[in-house]
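Quick note: the coordinates plus some simple rules give every number you see, no bench work behind them. Predicted model, so just to flag it, every value in this text is computed and none were measured. Here Cβ is always computed from backbone atoms with ideal geometry, including for glycine, and neighbour counts include all displayed protein chains.
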Amino acid sequence: MSILADSFRVAWIDLAFIKRNILVVLVTSLVTPALYIVAFGYGFGSGAEVEGFEYIAFMIPGVISISTMTSCFNNVAQKVMVQRTYYRSFDELFLCSMKPLSVILGKSWAGMIRSIISCTVLYAIGLIITKDMQFSLQAVAVILLSCLTYALMGVVAGMMSNSHLTLNLFTTLVITPMSFLSGTIFSLEALPEIAQGILYVLPLSHTTECIRSTILGTEFPWISLAITLVYAVAFVLVSRHLVMKGRNRYG
Amino acid sequence: MDNIVEVRDLVVRFGDFTAVNGISFDVREGEIFGFLGPNGAGKTTSIRTITTIQKYDSGSISIGGHNIRTDYLEARKLIGIAQQNISLDKDLTVRQNLKHHAILHKIPRKDIDRVVEETAHILELDDYMDHKVMNLSGGWKRKASIICAIIHQPKILLLDEPTAGLDTRSRYMLWDLVRMLNARGTTIFLTTHYIEEAEALCNRVAIIDHGKIVTKGTVDELRDSIGRITVDTTSDDGKRRMEYFPDIATAKEFAHTLGDRLYNIRRTTLEDVFLEVTGDKEGA
């Protein structure tokens, strides 16, 4: 309980920034997903059907999934890297008797909040424009899990990067390809089996499966949920290891 | 006076490089203790190690009686630190940054606003509370960062190069702040490479060079250790040369032996001590 309470103490300043700049946060979080919906949903995929659903209903859960990743990852990784490398304020959190897990979670919350804002708007738009999508609490739960997973991935990347350049490299080589290739805007079944096998290693393939199935009401992919949880735990362990050993300090 | 910091035989290595090489010193409760040394001497590594941010290879450190290896959580409660880099959130106001530090240090929620206002008022930051940090001058940014570091009323405040890169006016403002905090009971441990800063502020000084403490004591003790009076002259090859003497009479005796050469007899300064003990007395 104290870990959770302390994590909100860490997050307070980032949340204060969001509160103060809510309009800017909203606009920057929504422009890219809106472009996906207009360009792919109405432009490219208009009238098409995928896996038995109209294309717009198929892709909006995918775009929500992309948003959970990019919004969380970019915000958290950038913040951690800058605070650690340029401001050196990351170290000071440990002087406030914070446990590493509180710091890791605390740095994740702000990214999660931004992502939840954009996912809520996208989900609401989807519910209005297509009848194939439905509201479900399970969808809310897997969206939250997805946000947490990618925020934790952001902490790992932020701890490993020592400059904007290395962080951009990570984004270019990992995040951007994953956004397009994880079955977000097309069905993975359209790809050769070997490609499907490779792409199923990526966490976004699994969070997309979970989010899509809960929103469209198809059979829930329990294996994907398990794999997402494994990724989340792995990111916690790696980021804790980086905080403890990589920065060469006490707990 | 009790020691609030006790450092014994501290060694910190980064691979093959030994940044801190067996230093020992105490900081007494209520004093301003200065760590004076050139860039790369091991000052920042020492301060990061004492604040538990950096691990060490051997030796021991205790803060307020708490060994920082075994009891770091208790030790940390006694520490406030303002690092060389200003670590405030520059997009937010001074008030929000102060409030965040109060929250991080678990000051009860009902007391936070009062503590923030009082601290800012006592330390004369009221007029800048609603300014974004990014819009402040270097001196005020540094002042805000120091005030954030003492919001939880630590017993000891560690300042890493608090006036590095600041103009003279800002430097004097921060010196006043350091004196004010000390007068209010906070022990101060500061690192600096400005000799005049150590001379102006510190009760005691340790001079560190190449990771080792080469001398320590009060400014008077350090002056006495090499000689209170300096004869400042030039050698045959044109280089500046200093000779130190215990009193004016012996200094004058020596000066008479210089013949036609120009010389200046003056009080020994901390700069003379620094140059003498770091083996650089002809390089000034």
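So which helices of chain A fit the span-like rule, where a helix is a whole DSSP H run, its Cα atoms reach 18 Å or more along the axis, and its mean Kyte-Doolittle is at least 1.6?
Values: long enough: A:2-20 (27 Å, 0.73); A:22-36 (22 Å, 2.21); A:55-81 (38 Å, 0.98); A:100-129 (43 Å, 1.53); A:137-160 (35 Å, 2.02); A:203-216 (20 Å, 0.19); A:222-241 (28 Å, 1.66).
Flagged H segments are A:22-36, A:137-160, A:222-241.
Other chains' Cβ within 10 Å of B:97-109 residues: what's the mean?
Values: counts 2, 0, 3, 7, 3, 2, 9, 12, 4, 7, 0, 0, 0.
Mean shielding by partner chains, rounded to a whole number: 4.
How much length is gained if the chain between B:Glu118 and B:Arg184 is pulled fully straight, taking 0.36 nm per residue apart and subtracting their Cα-Cα distance, in nm to one decimal? Please list the in-between numbers first.
Values: separation 66, 0.36 × 66 = 23.76 nm, distance 1.38 nm.
Stretched out fully, the B:Glu118 to B:Arg184 stretch lengthens by 22.4 nm.
Could you compute the FRET efficiency for B:Arg28 and A:Leu15, with r as their C-beta to C-beta distance and R0 at 41 Å, rounded to 0.05?
Working: r = 41 Å, r/R0 = 1.01.
Given R0 = 41 Å and the Cβ-Cβ separation, E is 0.50.
Taking chain A as a Gaussian network, where each spring joins two C-alpha atoms under 10 Å apart, which residue of A:Leu15, A:Leu191, A:Leu145 fluctuates the most?
Result: A:Leu191 has the largest fluctuation of those listed.
Shielding of B:85-94 by partners, i.e. mean partner chain Cβ atoms within 10 Å per residue?
The per-residue average across the peptide is 4.
Report the label-to-label distance for B:Asn203 and A:Leu188 in nanometres (one decimal), using points 7 Å from each Cα along the Cα→Cβ vector.
With each label placed 7 Å out from Cα toward Cβ, I get 6.7 nm.
Please compare each pair in A:Lys107/B:Lys77; B:Lys106/B:Lys132; A:Lys99/B:Lys132; A:Lys19/B:Lys99; B:Lys99/B:Lys132 to a cut-off of 18 Å on the Cα-Cα distance and tell me which ones are over it. Provide the component values of the computation, followed by the final result.
Details: A:Lys107/B:Lys77 22 Å; B:Lys106/B:Lys132 24 Å; A:Lys99/B:Lys132 29 Å; A:Lys19/B:Lys99 15 Å; B:Lys99/B:Lys132 14 Å.
Violating the 18 Å limit, Cα to Cα: A:Lys107/B:Lys77; B:Lys106/B:Lys132; A:Lys99/B:Lys132.
Rounded, prolate or oblate: which fits the protein assembly as shown, taking a ≥ b ≥ c as square roots of the Cα gyration tensor eigenvalues, rounded meaning a/c under 1.5, else prolate when a/b beats b/c? Before the final figure, lay out each step's value.
Working: a/c = 2.88, a/b = 2.57, b/c = 1.12.
It comes out prolate by the Cα gyration axes.
What distance in nm lies between label points placed 7 Å from Cα along the C-beta direction at B:Ile248 and A:Val24?
6.4 nm
Using only atoms on other chains, find how many Cβ atoms lie within 10 Å of each Cβ of peptide A:83-95 and report the average.
On the way: counts 2, 0, 1, 2, 7, 8, 8, 2, 8, 12, 2, 6, 16.
Going residue by residue through A:83-95 and averaging, the value is 6.
So which aspartates and glutamates can B:Lys212 reach, going by Cα to Cα under 17 Å and dropping same-chain residues fewer than 8 places off?
Here the aspartates and glutamates satisfying the reach criterion relative to B:Lys212 are B:Glu6, B:Asp9, B:Asp16, B:Asp26, B:Asp57, B:Glu276, B:Asp280.
Compare B:Ala120, B:Ala255, B:Ala149 in a GNM of chain B, Cα atoms joined below 10 Å, and give the one with the largest fluctuation.
The residue that fluctuates most here is B:Ala255.
So what's the back-of-envelope 222 nm ellipticity for chain B, counting only DSSP H runs of four-plus at -39500 (n - 2.57) apiece and dividing by all residues, rounded to 500? Numbers along the way, then the final one.
Numbers: 10 runs with 99 residues, N = 284.
Per the formula, -10000 deg cm²/dmol.
Amide H to amide H under 5 Å from B:Asn3: which residues, 5+ apart in sequence or cross-chain, H placed 1.01 Å off N in plane?
B:Glu29
Report the semi-axes of the equivalent ellipsoid for chain A in whole Å, largest first, where each axis is √(5λ) for an eigenvalue λ of the Cα gyration tensor. Present the calculation step by step, with values, prior to reporting the outcome.
Details: eigenvalues 208, 71, 54 Å².
So the three semi-axes of chain A are 32, 19, 16 Å.
Packing-wise, with mean Cβ within 10 Å as the measure, how do A:66-75, A:157-166 rank, highest first?
Numbers: A:66-75: 26.5, A:157-166: 17.2.
Ranking the peptides A:66-75, A:157-166 by packing returns A:66-75, A:157-166.
Explain nothing, just the number: dipole magnitude of the protein assembly as shown about its Cα centre with +1 on each Lys and Arg Cβ and -1 on each Asp and Glu Cβ, in debye rounded to the nearest 20. Don't jump to the answer; show the numbers that get you there.
Details: 53 positive and 55 negative charges, 149 e Å.
Approximately 720 debye in magnitude.
For the charge dipole of the protein assembly as shown, defined by +1 on Lys and Arg C-beta atoms and -1 on Asp and Glu C-beta atoms about the Cα centroid, which residue among B:Leu270, B:Phe35, A:Tyr150 has the Cα displaced farthest towards the positive pole?
The residue sitting most towards the positive pole is A:Tyr150.
How much length, in nm to one decimal, is gained on full extension between B:Asp236 and B:Asn135, taken as 0.36 nm per residue of separation minus their Cα-Cα distance?
Details: separation 101, 0.36 × 101 = 36.36 nm, distance 5.35 nm.
Result: 31.0 nm gained on full extension.
Given N residues in region B:3-219, what is its alpha carbon radius of gyration divided by 2.2 N^0.38 Å?
Details: Rg = 16.9 Å, N = 217, 2.2 N^0.38 = 17.0 Å.
Cα-based Rg divided by the globular estimate yields 0.99.
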